[in-house]
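A.B. asks: Following this message is one structure expressed as structure tokens.
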Amino acid sequence: MDFTNALRITKGKILITVYVTPSAKTTCFPTGFNKWRTCFEMTVKGKAQQNQANKEVLREMSRFFDIPLRYVMITAGKASREKTVSLQGISQQQVMQHLQEHLHDS
């Protein structure tokens, strides 16, 4: 699966496009890759109120990529389901490897 279009590098940061489903039964990243939207999909338990879902997005992506929470930021789409998340402290190769390991069956 080719999902390189959902990843960009700018100023030493890796930008990932993510489509978030709030108020889900579980928090999970990635739940899949949407080739039409060219983005990764994820679910979060938090509601889309008072920044709950956004905080959960950051925590889950920090956990998934095994990087400190301070290196994960939402750079676009804070009030939208489609978000751009910035990662630091990890290489593009490491990001690709993590994603390929979890999406190989999709």
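The values are calculated or read from the model by the stated rules, or taken from the named source; none is laboratory data. Since this is a predicted model, take the numbers as computed values, not measurements. Positions of Cβ are backbone-derived with ideal geometry, glycine not excepted, and every protein chain shown enters the neighbour counts.
A.B. asks: Would you be able to tell me the number of residues in the range 74-106 that are among the hydrophobic types (A, V, I, L, M, F, W, C), surrounded by 15 or more Cβ atoms within 10 Å (Cβ to Cβ) and within 22 Å of Thr26 (Cα to Cα)? Outline the logic, then answer.
C.D. replies: Going residue by residue through the range 74-106, those that are among the hydrophobic types (A, V, I, L, M, F, W, C) are 74, 76, 79, 85, 87, 90, 95-96, 99, 103.
Cutting the leftovers down to surrounded by 15 or more Cβ atoms within 10 Å (Cβ to Cβ) gives us 74, 85, 87, 90, 95, 99, 103.
Pick out the ones that are also within 22 Å of Thr26 (Cα to Cα) and you get 74, 85, 99, 103.
Residues flagged as among the hydrophobic types (A, V, I, L, M, F, W, C), surrounded by 15 or more Cβ atoms within 10 Å (Cβ to Cβ) and within 22 Å of Thr26 (Cα to Cα) within the range 74-106 amount to 4.
A.B. asks: Now, a different point. Show the residue pairs that are 6+ apart or on different chains and have beta-carbon atoms under 7 Å apart, the first residue being within the range 83-102 and in a helix (DSSP H, G or I), the second being at pLDDT 95 or above and aromatic (Phe, Trp, Tyr).
C.D. replies: Sorted first by the residue in the range 83-102, then by its partner, the pairs are Val95/Phe65; His98/Phe64; His98/Phe65.
A.B. asks: Restricting to the range 22-39, count the residues that are of a type in the set (Ser, Thr, Tyr), on the phi < 0 side of the Ramachandran plot and part of a loop (DSSP other than H, G, I, E, B). Spell out the reasoning first.
C.D. replies: First, pick out the residues of the range 22-39 that are of a type in the set (Ser, Thr, Tyr): 23, 26-27, 31, 38.
In the following step, the residues that additionally are on the phi < 0 side of the Ramachandran plot were identified as 26-27, 31.
Filter again for part of a loop (DSSP other than H, G, I, E, B), leaving 26-27.
Number satisfying all stated conditions: 2.
A.B. asks: Return only the number of the condition from (1) part of a loop (DSSP other than H, G, I, E, B); (2) among the acidic types (Asp, Glu); (3) in contact with a Ser or Thr (Cβ under 6 Å, 6 or more places away or on another chain) that Asp2 does not satisfy.
C.D. replies: (3)
A.B. asks: Follow-up question, since we're still on this one. Any idea which of (1) surrounded by 15 or more Cβ atoms within 10 Å (Cβ to Cβ); (2) out of contact with any Phe, Trp or Tyr (no Cβ under 6 Å at 6 or more places or on another chain) is the one Thr10 doesn't satisfy?
C.D. replies: (1)
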